[in-house]
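Here's the structure we're looking at; comments come further down.
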Amino acid sequence: MLPKIKSLIQLILFLLIVTISLKAQPSRLGAQTVEFTVYAADKGKMIPNMADNINVWNYRQEWMGPRDKEYAGYFREKLPFVKYVQFMMAAGGNEERDLFKKPLDRSVTDDYDFTPLIEACRNVVAQGLIPHLKIGNVPLKYCTEPKISQSFGVNLLPPDSYATWHRYVYELGNALVREFGKSKVQNWRFGVLTEYENKDWFSVGDDPLATRTAYFKLYDYTVDALQKSVGKNICVGGHSMTVSDGLWDERDFITHCARGKNYCTGKKGTRLCYLASSYYDPIPGKTAEKTLPECIDHLRKHAEKEGLKNLIYGIDEGRILQGTDRKDLDPRAIGNTWQAAYDARMFETMIDYDIDYFSQWKFTSEGIWGGVPSVSLHTANLFYTISGNKRLRTENITSQLMPQQTEASNTGCVAAIDKRGCKLFLLFYAYSNSVFEQGDRTISCRINDLPQNIRQVEVTCTLINDDSNFFDEWERDQKEQGMTDNDFGWSKSSYVTTIPTLKSRKYIDYFKSRETFYTQCATLKQSPSFILPVENGKGLLTFSIPIHGVALYEIEIKK
């Protein structure tokens, strides 16, 4: 659909479906209506910015080069919600990643070359962001016979000498401090390995006890080296699988940090500031065996049992492994508008269970830099809009009365109000387990506890639906161009359109030739403002939302 026609249709539909009635009673509404009540005076905790992390698989490809000039201010303009950039395997693990002048020369162990990592971190800092460095993958030359993981292409083994590893990390910390200053680097985050109990990342002969002990040593020596070079109060933690069983119990690591003997210092315990998990649903509409809250609760309960309070809890990678075609997704999310409602429901769950962040992989058709915005980007931006405000008590009336009603249980509302009480935010989503379900849901939202002296409020709406997504046009073009499954290295449901998702340069060039058009199709639009009457501190908002849609209503309260 052409952008101008789409915009006109969107406006017409919006004006038709938004109806406002103070007299209407919930019992008069249709059976498919989902009813909410928002209490504008019942404030809760502040809503965090849950999308403030992104993952980077290969920082040399994605973050090196003159990005500070070519993309000046890019994140502030396009991805303002991002605060931390996670570099996986930041300090080595194979010939390409090891930070030495001669990575394969075992006759010398201190020919350090930290230039690539420093250059990439310089670009992160230039964007106003904070590096989060995952280190712990041991360089090849530090093992007599390194073993490369078939899954991730990095060395699985611990170092032959932990003292040599300690010196490596210590000098890395010193190099970062010289470049960026101690006060800045002390605000960075550091992690020791990715999924530390995953034998495909770190293993000593697949022996649970030997691997666990080796990781404890690796963690203790790494933390001590960072504390000596960067500062005692560094933010450091561990990232486990948790969503599925590992080679050993991740809770043992928590116990070790709380009261185990430190292998480096000989003292009790090791510094621990955050605990992260992976979370992957297998395919769209099917959830993992452990839910997202269960993954974090598994870690949090044990940490608190061990006396570790006020830790940061987050998801360091995840969302959805495969598309509807059962091929791996790049970037672990689909391009269909369904993903918007999935993300919105996920963010609401995180607010409900005090989960601090969910680190996502990519946001545009190019990954991060440039490209066409995805609905994942739109959803993250809408939640960023309401972050920093106090959450309001919200009741799903229909779900309370009819808990088995699918429409009610899959429809959500997150409400918030700013510090001055002058702006109200109502974010709605209409989720479905089926990517292919179509239709609309009617929502009735009664707003209570508005100021008694006002008679009306001004309302605008930003809607994420197919008219703010390029992917439906891209799927249509795939058919017209005769693309088949064989033209895709990763799932066709992926919204990243570079190699390896698209295998042919021909089709990548075709997408690029249409990028301006797709970008117009993906533009997120705000409706014209309208007036909502208020009587005795109450207002009633009734509207329809497309299934898979996300809508943010912003209500100006002029006292």
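Within the bounds of the stretch 115-137, is there any residue that is more than 30 Å from D52 (Cβ to Cβ) and at pLDDT 95 or above? Within the stretch 115-137 (the criterion being more than 30 Å from D52 (Cβ to Cβ) and at pLDDT 95 or above), the answer is no, since none of the residues qualifies.
When restricted to residues that are farther than 13 Å from I135 by Cβ, assigned to a loop (DSSP other than H, G, I, E, B) and touching a residue at least 40 places away in the same chain (Cβ under 8 Å), the stretch 162-200 contains 7. On the stretch given as the stretch 92-112, residues that are in contact (Cβ under 8 Å) with a residue 24 or more places away in the chain, open to solvent by 40 Å² or more (accessible area, probe 1.4 Å) and of a type outside the set (V, I, T) total 7.
Within the stretch 323-337, being open to solvent by 10 Å² or more (accessible area, probe 1.4 Å) and in contact with a Lys or Arg (Cβ under 6 Å, 6 or more places away or on another chain) holds for D325, R332.
Within the set P116, P159, the sole residue that is assigned to a loop (DSSP other than H, G, I, E, B) and buried (at least 16 other Cβ atoms within 10 Å of the Cβ) turns out to be P159. Within the option set F517, F436, F471, F530, being at pLDDT 95 or above and either touching a Ser or Thr at 6+ places or on another chain (Cβ under 7 Å) or under 22 Å from L329 (Cβ atoms) (or both) holds for one residue only, F471. Only a single item in (1) on the phi < 0 side of the Ramachandran plot; (2) more than 20 Å from the chain's Cα centre (by Cα) is not met by G307, and it is number (1).
What number of residues in the stretch 31-67 are among the β-branched types (V, I, T) and either in contact with a Gly (Cβ under 6 Å, 6 or more places away or on another chain) or in a loop (DSSP other than H, G, I, E, B) (or both)? Residues flagged as among the β-branched types (V, I, T) and either in contact with a Gly (Cβ under 6 Å, 6 or more places away or on another chain) or in a loop (DSSP other than H, G, I, E, B) (or both) within the stretch 31-67 amount to 2.
Quick one: would you say E475 is among the acidic types (D, E) and part of a strand (DSSP E or B)? So E475 fails the test.
Restricting attention to the stretch 253-297, the residues being open to solvent by 50 Å² or more (accessible area, probe 1.4 Å) and under 18 Å from L193 (Cα atoms) number 2. Residues that are farther than 19 Å from A163 by Cβ and either at pLDDT below 95 or acidic (D, E) (or both) within the stretch 85-104 comprise E95, E96, listed in sequence order. Selection of the stretch 371-415 for residues being of a type in the set (V, I, T), open to solvent by 10 Å² or more (accessible area, probe 1.4 Å) and not in a strand (DSSP E or B) yields T385, I397, T406. Reported count of residues in the stretch 338-354, each being buried (at least 24 other Cβ atoms within 10 Å of the Cβ) and more than 13 Å from the chain's Cα centre (by Cα), is 2. Look at (1) open to solvent by 30 Å² or more (accessible area, probe 1.4 Å); (2) in contact with a strand residue (DSSP E or B) (Cβ under 9 Å, 6 or more places away or on another chain) and you find that R420 fails only one, number (2).
Residues considered: S183, S244. Of these, the only one that is open to solvent by 20 Å² or more (accessible area, probe 1.4 Å) and at pLDDT below 95 is S244. Among the residues of the stretch 206-228, how many are farther than 11 Å from P158 by Cα, of a type outside the set (K, R) and open to solvent by 10 Å² or more (accessible area, probe 1.4 Å)? The total comes to 7. Among the residues of the stretch 428-447, what is the count of those that are in contact with a helix residue (DSSP H, G or I) (Cβ under 9 Å, 6 or more places away or on another chain) and surrounded by 18 or more Cβ atoms within 10 Å (Cβ to Cβ)? Final tally of qualifying residues: 10.
Tallying residues that are open to solvent by 50 Å² or more (accessible area, probe 1.4 Å) and either in contact with a Leu (Cβ under 9 Å, 6 or more places away or on another chain) or within 25 Å of N486 (Cα to Cα) (or both) within the stretch 511-524 yields 5. Of the residues that make up the stretch 541-552, is at least one out of contact with any His (no Cβ under 6 Å at 6 or more places or on another chain), of a type in the set (S, T, N, Q), part of a loop (DSSP other than H, G, I, E, B) and touching a residue at least 40 places away in the same chain (Cβ under 8 Å)? No, the stretch 541-552 has no match at all. For the stretch 483-510, residues that are touching a residue at least 24 places away in the same chain (Cβ under 8 Å) and open to solvent by less than 30 Å² (accessible area, probe 1.4 Å) total 10.
Within the set L272, L218, L193, L247, the sole residue that is touching a Pro at 6+ places or on another chain (Cβ under 7 Å) and under 24 Å from K309 (Cα atoms) turns out to be L218.
The values are calculated or read from the model by the stated rules, or taken from the named source; none is laboratory data. Keep in mind it's a predicted model, so treat the numbers as computed, not measured. Neighbour counts are summed over all protein chains in view; Cβ atoms, including those assigned to glycine, are modelled from backbone coordinates with ideal geometry. Note: accessible area is taken over every heavy atom of the protein model, side chains too, but ligands, DNA and RNA are not part of it. Shrake-Rupley method; radii C 1.70, N 1.55, O 1.52, S 1.80 Å.
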